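Only the coordinates and a few stated rules stand behind these numbers; no lab work does. Remember, it's a predicted structure, so these values are computed and weren't measured experimentally. Here the Cβ is made from the backbone with ideal geometry for all residues, glycine too, and neighbour counts use every protein chain on show.
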Amino acid sequence: MANKQQSSTALAPERAKIKPPRLYKVILLNDDYTTMDFVIEVLQRFFAMNRERAMQIMLKVHNEGSAVCGVYPLDVAETKVAQVSEFAKQHGHPLRCSMEGT
Ligand code: TYC
């Protein structure tokens, strides 16, 4: 005969509760002072883009005012925003990076 633990259904409802994490868009904003080369460097360094993709996204920000650089769970998105903002500040650029829910 099965013991109490084996015959328990306690694990089933726990499994059903698991939901995928909420995702957040990390967004780069245009300005008139940050150099195009610096933005390309940021996109390659923090968003793992190759040079060609980084150029495309940089030009999208430049022409349209903003663009999504990536979509991540909350903690990762917050870290990206903090890293980009700190890196830009260290290099004397006013580049702004923000996030919003998907
Ligand atoms: N508009 C900037 C320039 O003409 C380039 C730029 C692109 C700045 C993207 C910020 O997120 C940005 N030098």
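Cβ crowding within 10 Å ranks 19, 60 as 19, 60, fewest other Cβ atoms first.
Summing +1 for each Lys or Arg and -1 for each Asp or Glu among the other residues whose beta-carbon sits under 14 angstrom from that of residue 83 gives 0. With the helix formula -39500 (n - 2.57) applied to DSSP H stretches of n ≥ 4, the chain reaches a computed 222 nm mean residue ellipticity of -16000 deg cm²/dmol.
Determine which lysines satisfy two conditions relative to residue 89: a Cα distance under 30 Å, and not lying fewer than 8 residues away in the same chain. Reachable lysines: 25, 60, 80. Dividing the alpha-carbon radius of gyration of the chain by the rule-of-thumb value 2.2 N^0.38 Å gives 1.62.
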